[in-house]
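K.L.:
Just dropping this structure here.
The values are calculated or read from the model by the stated rules, or taken from the named source; none is laboratory data. Not measured: the values here are computed from a predicted model. Virtual Cβ from ideal backbone geometry, glycine too; neighbours counted across all protein chains shown. Ligands, DNA and RNA are excluded from the accessible area calculation, which covers all protein heavy atoms including side chains. Shrake-Rupley method; radii C 1.70, N 1.55, O 1.52, S 1.80 Å.
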Number of protein chains: 2
Amino acid sequence: MDRKITILGAGLVGSLLAILLRRRGYDVIVFERRSDMRKAAIGAGRSINLAMSTRGWKALELAGLKQDIESLAIPMKGRFLHLQDGSTAFQAYGRNGEAIYSVSRGELNKRLMTLAEQAGARILFNKRCQKVDVVNNKIYLEDVVDNSNVSSQVLRHSTDPLEEVQADLLFGADGAFSALRTAYSHSDRVSSAQDYIEYGYKELNIEPGTETPWRMEKNALHIWPRGKFMLIALPNTDGSFTCTLFMPFEGELKNCFSALDSEEKIKAFFELNFADVLPLMPDYLAQFQRNPVASLITTYISQWHKSGNSALIGDAAHAIVPFYGQGMNAGFEDCSVLDGLLTELGEDWGEILQRFQERRKPNGDAVAALALLNFTEMRDKVADPVFLERKKIEKEIGLLYPEEFTSVYELVSFTHTPYATAMKCIAAQDALLAEIMSHGDFKENLLRPEFKLKLDQWMEEYSKQVASFEFA
Amino acid sequence: MDRKITILGAGLVGSLLAILLRRRGYDVIVFERRSDMRKAAIGAGRSINLAMSTRGWKALELAGLKQDIESLAIPMKGRFLHLQDGSTAFQAYGRNGEAIYSVSRGELNKRLMTLAEQAGARILFNKRCQKVDVVNNKIYLEDVVDNSNVSSQVLRHSTDPLEEVQADLLFGADGAFSALRTAYSHSDRVSSAQDYIEYGYKELNIEPGTETPWRMEKNALHIWPRGKFMLIALPNTDGSFTCTLFMPFEGELKNCFSALDSEEKIKAFFELNFADVLPLMPDYLAQFQRNPVASLITTYISQWHKSGNSALIGDAAHAIVPFYGQGMNAGFEDCSVLDGLLTELGEDWGEILQRFQERRKPNGDAVAALALLNFTEMRDKVADPVFLERKKIEKEIGLLYPEEFTSVYELVSFTHTPYATAMKCIAAQDALLAEIMSHGDFKENLLRPEFKLKLDQWMEEYSKQVASFEFA
């Protein structure tokens with residue numbers, strides 16, 4: 001434990017990483033751009049929640065924090081669909097009632113910070129990393145003041161020197177706009193990309209009811225799929241729901257943020273598309289006009305570490321869009337994998353970080369692709385009867401062939417299967433389901449022994465194909 | 001001409017842009033990172049040459065510089081192939097003896113700078129733009145000293161304030177690592193990417209002969225295609241040839257730069273692969289060991305301009321790999337198109353820059369893709385007999401159907417067809433040629449009237465398909 005560890009960012013991943021490294025005896029210091037959120041009140045509309053799934057829980061278990069967080073978490077067992085015609089439908093996520101869990105980002109982050117400090121890590125707040133010298137492993141910090149947990153204001157005058165800190169072993173857990181990632185991207189032969197999608201999002205809130213706290217089904221992720229846009233809602237422990245409207249910034253149609261520029265237009269839009277939400281959100285107009293529209297980015301970078309001296313982790317390495325609920329889960333899985341490599345390789349950080357990149361980079365690329373694909377599914381496909389039929393068949397097959405078949409959604413959310421493998425399974429499952437569905441009604445077919453024989457054959461072929469993929 | 005124009009970069013595109021804008025009466029100032037290359041000797045091995053083709057000549061003609069540069073240019077009428085077995089072959093670029101032209105980058109740049117100054121532009125040297133404030137259109141400069149024309153050394157102490165310049169209308173012609181491009185990429189919702197290929201390049205030189213100056217065919221671009229790597233050579237006016245070796249940096253095979261780490265290995269590599277070059281380059285070993293290996297980047301950015309106040313042009317907007325010889329040609333075409341928009345739209349810069357992006361961004365993406373595709377063609381396909389047969393048939397068809405058919409290479413190098421259209425023609429031409437070649441020997445088939453009838457039909461279909469593309 002000779003090496004001292006510097007972490008940029010005390011967000012979810014930075015705090016968890018600090019805990020895991022302290023438990024192994026490393027000296028850990030963390031620099032965080034924002035103020036200490038445990039001291040400042042978090043403003044209304046900033047209670048963004050997360051969907052914690054199997055990968056996230058595993059890392060929390062490693063950190064000894066699973067039970068503590070479970071008390072904050074609301075299981076969501078499926079998608080609760082609110083269709084345009086006013087009808088609703090429930091679509092279970094797993095064949096055995098598995099759930100993903102709605103957790104408050106703020107509460108989770110606070111507890112992780114406290115646990116990190118209890119474990120002996122030092123967290124210094126209001127320290128923004130302005131640049132990194134990756135060759136000499138030095139970071140340059142400036143003091144910032146953070147009034148709102150949203151934007152930060154620079155205190156430093158342009159002539160003040162930056163605070164220079166010599167890092168020994170440096171982790172960039174500093175998010176989508178990581179200073180360490182920027183420094184890597186300025187190195188020769190480092191490829192990188194940042195892709196914004198044409199969609200933005202706006203947060204809205206459904207208050208708890210006075211009689212029953214949750215005024216819609218509590219144990220579900222609510223979706224209003226509308227083809228080119230969608231509204232979702234996740235339950236909070238106080239009975240409220242955090243809603244998010246995803247929609248194009250601009251467009252030729254009226255269904256985009258830039259087009260909704262008057263009270264009349266906003267009202268007409270909500271009345272047409274979200275009629276069942278209006279009674280639950282009487283102040284939707286004020287909320288819509290008050291809350292900002294934020295953008296959605298995916299980032300890629302070819303270099304995740306530098307010769308045993310520094311590495312990127314979490315969003316800093318692979319920021320993704322939120323549509324699979326996997327951003328935090330992927331970052332936490334980074335931590336689990338790194339922890340496993342520490343067990344395996346001791347203190348050979350050159351080798352540890354090299355293997356970390358080799359194992360995680362393909363999965364970072366895959367989860368980015370999965371998240372983009374799931375957006376189309378959520379906003380559009382879930383309203384399609386053929387797609388819903390497919391989902392039902394998938395579940396049946398999962399029950400009939402529990403060893404052979406696990407849907408991609410289940411692989412991603414309820415297993416530790418590498419994301420890259422889940423990605424590979426998409427084509428195989430598409431082919432399998434297309435074959436099955438080309439023969440007409442599945443339930444009726446199942447009654448015919450000759451179809452059941454064919455199905456056995458298809459499943460055997462599918463299993464053979466998938467067996468060549470890497471599942472651990 | 002109310003607006004004053006600031007240009008970052010006095011390279012080829014920045015200097016040409018300065019000339020064109022001065023001719024329209026604008027006040028123009030140019031900040032250049034390097035020293036004045038007209039005063040400093042350009043070191044050996046830095047005489048990189050360019051392949052000027054139709055798009056480049058058009059822009060030079062606009063600037064009134066065509067005749068002046070023609071005296072420096074050596075026509076190259078085709079590829080002169082040096083195959084591994086020692087045999088050679090010549091492959092004409094055009095059906096009518098069209099040529100691309102080898103021009104010295106340094107000489108061309110010097111003349112453009114001088115012309116820009118003569119036209120009344122001011123060029124300030126050793127001024128590096130450190131950052132750009134795109135919202136307020138301010139640039140921040142530092143003084144640098146440039147000893148070698150290769151790397152520059154910072155004079156400024158970290159506490160010295162940067163020189164702040166308020167730009168009115170700003171152009172970033174500052175190359176692949178453009179400061180303005182970097183500033184744009186830090187704006188919300190601007191997508192960008194930088195992709196390095198796995199290949200590097202090393203320059204080598206063949207000296208002029210004592211009896212005959214050009215010791216190989218003068219009017220050709222020489223290629224030693226070797227599958228995964230290649231050597232090329234372009235003629236210079238003094239009788240020398242500038243050679244470039246393109247090869248992977250690393251790899252499992254021995255044919256990569258990292259593997260050639262001893263005299264023995266370098267010798268063995270050259271003797272095996274470039275036997276006919278050795279007599280022309282007796283000092284190849286010293287050159288190989290002395291000259292650096294450089295990397296190759298393609299850049300993309302979604303925003304090329306900011307609300308009538310600033311814009312990217314040339315490599316700053318679309319840096320590409322050099323394999324189609326189109327980097328400078330594309331940048332010069334940017335200048336021609338911008339000049340055309342000035343004629344069309346007067347001084348409505350908001351509209352001019354918006355249209356500039358709309359017209360040029362799809363072509364920047366297309367020329368980037370074309371350049372990457374042409375690398376495979378040059379290093380690998382040109383050594384394939386089937387490919388050579390196809391090239392011959394293409395030329396025949398071009399002669400038989402001069403109105404209907406122009407090969408993609410000709411479209412790119414000898415016309416002003418938008419690059420995006422040339423890109424679209426690839427699939428159409430691939431299908432056409434596959435059909436033609438599936439019937440066996442083309443010359444024999446031509447003697448059969450029924451084949452000729454079919455060919456007429458195919459050409460009609462091809463013409464119809466291509467007629468829907470945009471050719472101007």
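K.L.:
Only helical DSSP H runs with n ≥ 4 go in: add -39500 (n - 2.57) per run for chain A, normalise by residue count and round the 222 nm mean residue ellipticity to 500 deg cm²/dmol.
P.N.:
So the calculated ellipticity at 222 nm is -12500 deg cm²/dmol.
K.L.:
Same structure again: Leaving ligands, DNA and RNA out of it, report the carbon-plus-sulfur percent of the accessible area of the stretch B:290-341 at a 1.4 Å probe.
P.N.:
C and S atoms contribute 51 percent here.
K.L.:
Something else now. Taking a label point 7 Å out from Cα toward Cβ, give me the nm distances from B:Thr210 to the same spot in the other copies, shortest first, one decimal.
P.N.:
Copy-to-copy label distances for B:Thr210: 10.7 nm.
K.L.:
Oh, and also: Are there any GluC sites (Glu not before Pro) in the stretch B:192-287 that are in a DSSP loop and have at most 14 other Cβ atoms within 10 Å? List them by number.
P.N.:
B:Glu211, B:Glu250, B:Glu252
K.L.:
Right, here's the next one. Suppose we compare each residue of the stretch B:176-219 in its chain alone and in the full protein complex with a 1.4 Å probe; which ones drop by at least 50 Å² of accessible area?
P.N.:
B:Arg189, B:Ser191, B:Gln194, B:Tyr196
K.L.:
Continuing with the same structure: Taking the label point as lying 7 angstrom from Cα along the Cα-to-Cβ axis, what are the distances from A:Gly25 to the corresponding position in the remaining copies, in ascending order and in nanometres?
P.N.:
Reported distances to equivalent positions: 7.9 nm.
K.L.:
If eta is 0.890 mPa s and T is 25 °C, what Stokes-Einstein diffusion coefficient results for the stretch B:52-210, Kirkwood Rh from Cα pairs, in µm²/s?
P.N.:
Estimated diffusion coefficient is 121 µm²/s.
K.L.:
How high is the FRET efficiency from B:Leu124 to B:Asp283, r the C-beta distance, R0 25 Å, rounded to 0.05?
P.N.:
Efficiency, rounded to the nearest 0.05: 0.05.
K.L.:
Per the Cauchy relation, a quarter of the hull surface: what is the mean projected area of the convex hull of the alpha carbons in the stretch A:325-472, in nm²?
P.N.:
The directionally averaged projection comes out at 9.6 nm².
K.L.:
Another question about this same structure. Plugging the Kirkwood radius over Cα pairs into Stokes-Einstein for the stretch A:196-295, at a temperature of 10 °C and a viscosity of 1.306 mPa s, what D comes out in µm²/s?
P.N.:
Reported coefficient: 114 µm²/s.
K.L.:
Give the cross-link partners of B:Lys202 among the lysines, using a straight C-alpha distance below 23 Å as the criterion and excluding same-chain residues fewer than 8 apart.
P.N.:
B:Lys218, B:Lys228, B:Lys254, B:Lys265, B:Lys267, B:Lys381
K.L.:
A further question on this structure: If the chain between A:Glu347 and A:Asp188 were fully stretched, how many nm would it gain, using 0.36 nm times the residue separation less the Cα-Cα distance?
P.N.:
Roughly 54.4 nm would be gained on extension.
K.L.:
What's the carbon and sulfur percent of the stretch A:384-467's accessible surface, probe 1.4 angstrom, rounded to a whole number?
P.N.:
57
K.L.:
In addition: Need one number: buried accessible surface between chains A and B, 1.4 Å probe, both sides summed, DNA, RNA and ligands left out, in Å² to 100.
P.N.:
Chains A and B together bury roughly 1400 Å² of accessible area.
K.L.:
Also, quick follow-up: One decimal, nm, shortest first: give the distances between the label point of B:Phe387 and those of the same position in the other copies, each label point 7 Å from Cα along Cα→Cβ.
P.N.:
Values, ascending and in nm: 4.3.
K.L.:
State the volume of the convex hull built on the alpha-carbon positions of the protein assembly as shown, expressed per residue in Å³ and rounded to an integer.
P.N.:
With only Cα atoms used, the protein assembly as shown gives 213 Å³ per residue.
K.L.:
Same structure again: Counting residues in chain A as N, plug N into 2.2 N^0.38 Å and put the Cα Rg over that result.
P.N.:
Output field value: 1.03.
K.L.:
May I ask which residue of chain A has the beta-carbon nearest to the axis carrying chain A onto chain B, and at what distance in whole Å?
P.N.:
A:Ala193, 2
K.L.:
For the stretch A:288-379, report the accessible area per residue in Å² (1.4 Å probe, heavy atoms, rounded to an integer).
P.N.:
Per-residue value: 31 Å².
K.L.:
Now for a separate question. For A:Val293 and A:Asp384, what does the FRET efficiency come to when R0 = 35 Å and r is the distance between their Cβ atoms, rounded to the nearest 0.05?
P.N.:
In this case the efficiency is close to 0.80.
K.L.:
Now a separate question. Kindly state, to the nearest 0.05, the FRET efficiency for A:Glu404 paired with A:Glu70, given R0 = 30 Å and r defined as their beta-carbon distance.
P.N.:
0.40
K.L.:
Greater than 23 Å separation of Cα atoms is the criterion. Which listed pairs, B:Lys391/B:Lys424; A:Lys424/A:Lys452; A:Lys361/A:Lys424, meet it?
P.N.:
The pairs that break the limit, which is 23 Å between Cα atoms, are A:Lys424/A:Lys452.
K.L.:
Also, quick follow-up: State, as an integer percentage, the relative contact order of chain A based on alpha-carbon contacts under 8 Å between residues 6 or more apart.
P.N.:
17
K.L.:
List every DSSP H helix in chain A whose Cα atoms extend 18 Å or more along the helix's own long axis and whose mean Kyte-Doolittle hydropathy is at least 0.0.
P.N.:
Span-like helices here: A:327-345, A:419-437.
K.L.:
Looking at the square roots a ≥ b ≥ c of the eigenvalues of the Cα gyration tensor of the stretch A:384-467, which shape do they give, rounded for a/c under 1.5, prolate if a/b is larger than b/c, or oblate?
P.N.:
Because a/c hits 1.5 or more and a/b exceeds b/c, the stretch A:384-467 counts as prolate.
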